[in-house]
1. Among the residues of the range B:116-136, which ones are free of Cβ contacts under 8 Å to residues at least 24 places away in the same chain and assigned to a strand (DSSP E or B)?
2. Which residues, taken from the range A:372-392, are open to solvent by 10 Å² or more (accessible area, probe 1.4 Å) and under 21 Å from A:ALA267 (Cβ atoms)?
3. Taking the range A:54-68 as the region of interest, how many residues are within 8 Å of chain B (Cβ to nearest Cβ) and either within 26 Å of the chain's Cα centre (by Cα) or crowded, with 18+ Cβ neighbours inside 10 Å (or both)?
4. Which pairs do you get when a residue that is at the interface with chain B (Cβ under 9 Å from one of its Cβ atoms), found in the range A:133-147, comes within reach of a residue that is assigned to a helix (DSSP H, G or I) and among the aromatic types (Phe, Trp, Tyr), reach meaning Cβ atoms under 7 angstrom, with the pair 6+ apart or on two chains?
5. Kindly list the number of the only condition in (1) open to solvent by 20 Å² or more (accessible area, probe 1.4 Å); (2) in a strand (DSSP E or B); (3) out of contact with any helix residue (DSSP H, G or I) (no Cβ under 8 Å at 6 or more places or on another chain) that fails for B:ILE139.
6. Need the failing condition index for A:GLY305 against (1) within 17 Å of the chain's Cα centre (by Cα); (2) not assigned by TED's automatic domain parsing to the domain that holds A:ALA382, just the number.
7. Just one of the numbered conditions (1) among the acidic types (Asp, Glu); (2) at pLDDT 70 or above; (3) assigned to a helix (DSSP H, G or I) is not true of A:ASP67; which one?
8. Does A:GLY315 satisfy being at pLDDT below 95 and under 30 Å from A:TRP271 (Cβ atoms)?
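The values are calculated or read from the model by the stated rules, or taken from the named source; none is laboratory data. This structure is a prediction, so every number in the text was calculated from the model and none was measured. In this analysis, Cβ positions are derived from the backbone assuming ideal geometry, glycine residues included, and neighbour counts consider all displayed protein chains. With ligands, DNA and RNA removed, areas are computed over all heavy atoms of the protein, side chains included. Shrake-Rupley method; radii C 1.70, N 1.55, O 1.52, S 1.80 Å.
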Amino acid sequence: MLMSRRTVWVAALCALAALIVWPWFIERRMTLEAQAALPTPAPVIADYASREQVVSFYERDARRHPDDQIIARLLATQYLQRFRERNDVGDLLRAQAQAQHSLALQPRNNIGADMTMTSALLSLHQFRSALRYVHEAEQIEPWNPAPTAQEISLQTELGRYDVADKLLRHPPPGMRRNDVWDGAQARYDEITGGLAHARRLIDRAMADADAVMDNPAETRAWYHMRSGELAFSAGDYLTAEQRFNEALAIFPSDAKALSGLARLAWANRRWPEALRFAARAAELLPTPETLGYEADAQRALGDPGAAAQTEDLIGAVERVGNARGINDRALAVYYAEHREHLADALRIARRDLAARDDIYAEDTLAWVLGANGRWAEARKYAREATRFDTEDARLQFHAGIIALRNDDVEEGRRRLGFALRLSPHFHPDYADQAKRALAELAGADGSKTALSGDKWH
Amino acid sequence: MTGNRLRAAGGAAIVAALAGVLFFYSAHPVRGSDHQDSPTVVNRVGADISDVYMFPPNNANRDRDVVLVMNVHPIITHAQLGTTFFDPAVMYQLKIAHGGSTVEDQVIQFKAGNPGANQSITLYGPGKPNVTGTQSVFIAPTGTATIDSPATLPNGIQFFAGHRADPFFFDLSQFFKIIPDRNAGFHNPGPPPPPTAGTFRGFSSAFNSLHGVSCDTSASNEFLSSNGLNVLTLVVELPRSMLTTSSPLIHVWATTSTTTGN
């Protein structure tokens, strides 16, 4: 029986419609299934409120029993947790010293001290040194996913994505769903162009961490903060705001969640809000990034004097508060964006790249080189930084502008368009500059001279 | 026909309902024990069983009753007493087998309410388990206590759930000096170093004189009790007759379970 032409057309259109909505349907179904499988959140315990007393308790015991490797390890763990809650780098050094002491007393099978050393060194940006300890932990407990997840994080920070990928493909046999593993996988996916999958993983990890009542509140908040960061990268600003607020409800002194809210308001030019959140975040943790949001907001609100004072603080962070270079990247980005201390920015960006050759160090150096007028050299690093097509609007914007400066209109157009599709309000200035550049490119049909209206920094 | 269908549908509904109940309450075991020693219990310290004890009570009912103790959540400092509670997502359980059997035929289970100074802990059993092995289902409740307050439950059961000093005693630092097998390997390749101690610490001069030995008389450093560390304990005193229904010989062990196994 022959079908009429009209029936064939209707059937073809239906098939086409089904094909179009199929990915959405699958995505939606996976999301609903994932949500249905998530455990119930446990009540929040304010464990951070007694941190000082717990630290004092173990300090006293460590003095009483200097030859006890367990007390040294437990004290190291408490210093590390206090660092996470209060951001005092001195606690990292204290954690490192106690973990080393524990390892001196018990060099073998001391996985707790090995893992604490790894975490402390990671936070101090001594990634290569940390590898030694995490490898020991992996040898002691090859069935335990935590050391391998920690190594994946280290290798990712070092830009050794092939190594991280290989580790991710070979989890310990019989590994169950694990929030630490999911967190490491999410970071890898975020960098290598799998932002949607990274978001699903981090949300699952967040739910798993929330299900355990005895997890430190700060740890639970961290997953919410990370989910907020990934939502921001995806241009999902409502979810980002919700997640940052959830983090603060769990752990009210969460400087990173406050900084996330400041960034969200800053990017959307909600200056009073940006100032309020940035000031609160900077009071807890004065990073160049947070102080930068504060200074920009002060300038936008017509208070250049206050902005200058805040910028002085950024300089102070560089001079005295940048122990072991842990703020290098943020400092270099701020200086390049504000066209200040450009020679310093270049020196700092190169130092950051030497510490960890990841895509963000490459992107930072590329942008700083551009700010110094060295566009051809910048291209090399921008290409390295974008080799995975990472769904990070700022990184794509940098690469787009650098491509245009090197007369590659096609790539410039593609990168700028990608940045705006990812997150239309990723930056208070750059988002508009990207829009203007694309409009000018469309009008001038790719002429470089049409781009002279904006300063690309 | 219609009646058969209805019966079949009714039967299926009952099976489905039972399956739902079983699914809701069934729990997978958390494997691990002792003081935060394995990855699973480090990740869920509230489910970490440190010790299980069974002994006659030190009271007038010494010959009639038996005390079962299950300690969990080790290494609680004094500073953490106000913020450490039983985990409401964990099923705490004492399992009992009789005679030559190694399969539990009686259980005593515990479930905690919301954390806080007035946290409730409900005791279920002792009674026959609905399922045995690696899955567990709550049986009929017997009564409820408030954390840190003793309670008298029906059938002569005394119940306490709360914070107590960890009674476990072991001078681990000294042990590693006597048997230093852990002090070799990754940092110091080669054979283990020789022992740096020959005995445990804490002996008295009188002991040494009496036995003609020279044991270490310096103060011992028992990690858990001398450092004032605490546990959450579940203590049940009950008539022995409730546990010796089928045999006077009983085997007791403890488990903790969650609905996810994590």
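1. B:THR122, B:TYR124, B:GLY125, B:GLY127
2. The answer is A:GLU391, A:ASP392.
3. Count: 6.
4. What qualifies is A:PRO145/A:TRP181.
5. Result: B:ILE139 fails condition (2) only.
6. Failing condition for A:GLY305: (1).
7. Among (1) among the acidic types (Asp, Glu); (2) at pLDDT 70 or above; (3) assigned to a helix (DSSP H, G or I), A:ASP67 violates only (3).
8. Working: at pLDDT below 95: yes; under 30 Å from A:TRP271 (Cβ atoms): yes.
Yes, satisfied.
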